[in-house]
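The values are calculated or read from the model by the stated rules, or taken from the named source; none is laboratory data. Just so we're clear, the structure is a prediction, and the values are computed from it rather than from any experiment. FYI the Cβ positions are ideal-geometry reconstructions off the backbone, even for glycines, and counts take in every protein chain you see. For the accessible areas, the whole protein counts, side chains as well, though only heavy atoms, and no ligand, DNA or RNA atoms are used. Shrake-Rupley method; radii C 1.70, N 1.55, O 1.52, S 1.80 Å.
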Amino acid sequence: MKKIVMVVVLFFVIAGSISLNVHALDKQDRATWLWNPWMFVNDEDGTVTFLESKNVNKVYVQIDQDMSIPHYQSFIEKTSAKGISIYALDGGPDWVAPKGARNQSKMLSWLENYQQESTTAQKFAGVHLDVEPYLYSGWSKNQAKTVTAFQSLLTDAKIRTESLGLPLEVDLPFWFDEITYKNTFGKGILAEWVIANMDSVTIMAYRDSAPMIIDIVKNEVAYAGQHGTALVIGVETGQTSEGDRITFYEEGETYMNQQLEMVHNHYANYFGFNGIGIHHVDSWKNIKP
């Protein structure tokens with residue numbers, strides 16, 4: 001009798017796991033970064049049409065606090081009608097400087113005011129941070145201190161975004177699984193800490209072939225599965241001086257799509273994997289076919 005019960009329980013556990021994975025696949029992201037919000041100020045319809053043509057369903061839109069709020073409201077209202085979610089994007093290496101957190105606080109205060117002034121169809125769907133603390137001078141001078149500042153920044157952001165009822169996402173380089181920490185936040189691997197504490201992460205897996213991309217994100221995908229965090233794999237389309245293997249700029253969009261299909265097929269059944277992100281709108285618009 002016990003064996004029968006165990007078999008039945010195991011069946012429902014497996015079935016539930018499959019159901020969860022299918023549900024996750026239904027909601028996978030096809031995301032991109034839009035760093036220049038003046039793009040939709042100057043050509044709103046053209047920008048929306050481009051996003052639709054690429055089957056994008058999530059856009060990380062840079063917050064320019066000098067830009068008129070109605071511009072954001074109009075764009076979000078039009079994109080949300082097309083099933084595209086807009087996340088408030090901001091961040092910078094100096095946000096981990098001794099007084100850098102005030103930049104984040106100012107942005108989130110702007111966002112709180114924006115949400116209050118907007119209708120449901122005009123509101124941001126979440127917050128997406130791109131801090132990249134390793135570009136701050138303190139990273140090379142005192143990495144441990146900078147890592148702690150980064151963790152503190154994200155912890156504060158999580159409190160603020162939860163008060164706004166918004167999910168919090170963050171960009172991570174693929175090599176943060178090589179960075180360890182031992183401080184007031186405990187002890188462990190930085191990539192896992194971030195993944196465990198955010199609602200979603202986008203791994204900047206900036207390589208131009210499926211095998212390389214699959215390999216460099218395997219630890220992060222595993223962490224995402226363990227902690228129930230949504231993970232998006234991001235790739236580059238812009239021209240760079242960092243080397244040919246960083247971007248799909250040289251190969252073009254057709255080749256990129258072929259490689260991304262292989263990446264997607266490889267991770268499709270991994271719990272935690274939640275889609276692909278293309279960096280970014282400006283360079284994606286100009287990449288060769």
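A few notes on this one:
- A single entry from LEU190, LEU172, LEU135 fulfils the requirement of being modelled with pLDDT of 95 or more, over 27 Å from TYR249 (Cα atoms) and not β-branched (Val, Ile, Thr): LEU190.
- Every residue from segment 79-94 that is open to solvent by 10 Å² or more (accessible area, probe 1.4 Å), within 26 Å of THR146 (Cα to Cα) and out of contact with any Asp or Glu (no Cβ under 9 Å at 6 or more places or on another chain): ASP94
- Criterion: open to solvent by 70 Å² or more (accessible area, probe 1.4 Å), modelled with pLDDT of 95 or more and within 27 Å of ALA224 (Cβ to Cβ) - qualifying residue of SER140, SER163: SER163
- Residue check, GLU242 among the acidic types (Asp, Glu) and closer than 22 Å to VAL59 by Cα: no
- Residue selected from segment 95-118 under the condition buried (at least 17 other Cβ atoms within 10 Å of the Cβ) and small (Gly, Ala, Ser), by the criterion farthest from ALA157 (Cα to Cα): SER118
- Enumeration of residues in segment 119-130 that are open to solvent by less than 60 Å² (accessible area, probe 1.4 Å) and either in a helix (DSSP H, G or I) or more than 18 Å from LEU34 (Cβ to Cβ) (or both): ALA121, GLN122
- Residue match in segment 166-173 (condition: more than 27 Å from ILE246 (Cα to Cα) and over 17 Å from the mean Cα position of the chain (by Cα)): no
- Residues of segment 49-61 that turn out to be open to solvent by 30 Å² or more (accessible area, probe 1.4 Å) and assigned to a strand (DSSP E or B), as a count: 0
- Check on ASN219, under 28 Å from LEU154 (Cβ atoms) and either touching a residue at least 24 places away in the same chain (Cβ under 8 Å) or in a helix (DSSP H, G or I) (or both): yes
- Which numbered condition SER68 fails, given (1) touching a helix residue (DSSP H, G or I) at 6+ places or on another chain (Cβ under 7 Å); (2) surrounded by fewer than 22 Cβ atoms within 10 Å (Cβ to Cβ); (3) over 18 Å from SER163 (Cα atoms): (1)
- Just one of (1) within 30 Å of LYS285 (Cα to Cα); (2) β-branched (Val, Ile, Thr); (3) buried (at least 22 other Cβ atoms within 10 Å of the Cβ) fails for VAL147. It is (1).
- In this entry, TYR255 is excluded by the filter for residues that are crowded, with 18+ Cβ neighbours inside 10 Å and more than 19 Å from the chain's Cα centre (by Cα).
- Residue under evaluation ASP208, criteria (1) touching a strand residue (DSSP E or B) at 6+ places or on another chain (Cβ under 8 Å); (2) within 30 Å of SER152 (Cα to Cα); (3) charged (D, E, K, R), criterion not met: (2)
- Only a single item in (1) surrounded by fewer than 16 Cβ atoms within 10 Å (Cβ to Cβ); (2) at pLDDT below 95 is not met by GLY46, and it is number (2).
- Residue within segment 62-83 that is in contact (Cβ under 8 Å) with a residue 24 or more places away in the chain, hydrophobic (A, V, I, L, M, F, W, C), outside any helix (DSSP H, G or I) and farther than 30 Å from SER140 by Cα present: yes
- Test for GLY238: is it assigned to a loop (DSSP other than H, G, I, E, B) and small (Gly, Ala, Ser): yes
- Only residues that are open to solvent by 20 Å² or more (accessible area, probe 1.4 Å) and not aromatic (Phe, Trp, Tyr) were counted in segment 210-245, giving 21.
- Checked against the criterion of being over 20 Å from LEU168 (Cβ atoms) and either at pLDDT 95 or above or of a type in the set (Lys, Arg) (or both), the candidates LYS27, LYS106, LYS78 yield just one match: LYS78.
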